[in-house]
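Student: Before anything else, here's the structure in question.
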């Protein structure tokens with residue numbers, strides 16, 4: 001019974017820690033936005049400081065590209081990252097980072113250019 005109680009506590013604690021990690025609060029363009037022209041940059045605003053480690057952009061008919069994170073080596077709550085426009089269509093952005101607590105965090109969003 002003790003082992004079962006300890007296992008249940010461990011699972012509950014893990015779930016709590018997972019929810020405590022930083023997540024993107026806001027992006028510009030916002031998830032699901034439809035814009036008239038492709039942006040020259042995207043912005044991330046997090047509720048807690050993270051260090052972005054990778055951002056990948058996909059667009060139909062084009063190979064996936066890693067966006068430039070040069071100079072983005074510290075923990076921050078806001079990031080502005082340059083984007084090279086590749087035309088109309090849906091842009092899918094997938095990001096990964098490291099929370100100040102040492103845990104990996106990740107997310108994604110998309111926007112459409114008409």
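Student: I'd like the residue in segment 50-68 that is surrounded by fewer than 17 Cβ atoms within 10 Å (Cβ to Cβ) and not in a strand (DSSP E or B) and, out of all such residues, is modelled with the lowest pLDDT.
Tutor: Among them, the one singled out is 61.
Student: Search segment 73-98 for residues that are on the phi > 0 side of the Ramachandran plot and pair each with any residue that is surrounded by fewer than 15 Cβ atoms within 10 Å (Cβ to Cβ) and in a loop (DSSP other than H, G, I, E, B) when their beta-carbon atoms are under 7 Å apart and the residues are at least 6 apart or on different chains.
Tutor: Final answer for the pair search is 89/60.
Student: Let me ask something else. Could you say whether any residue in segment 87-105 is surrounded by 15 or more Cβ atoms within 10 Å (Cβ to Cβ), over 12 Å from the mean Cα position of the chain (by Cα) and assigned to a strand (DSSP E or B)?
Tutor: There is at least one residue in segment 87-105 that is surrounded by 15 or more Cβ atoms within 10 Å (Cβ to Cβ), over 12 Å from the mean Cα position of the chain (by Cα) and assigned to a strand (DSSP E or B).
Student: Condition first: under 13 Å from residue 87 (Cβ atoms) and either part of a strand (DSSP E or B) or in contact with a helix residue (DSSP H, G or I) (Cβ under 8 Å, 6 or more places away or on another chain) (or both). Now tell me which residues in segment 34-49 satisfy that.
Tutor: 35
The values are calculated or read from the model by the stated rules, or taken from the named source; none is laboratory data. A quick note: this is a predicted structure, and the numbers were derived from the prediction, not measured. Quick reminder, even Gly has a Cβ in these numbers, built from the backbone with ideal geometry, and neighbours come from all protein chains shown.
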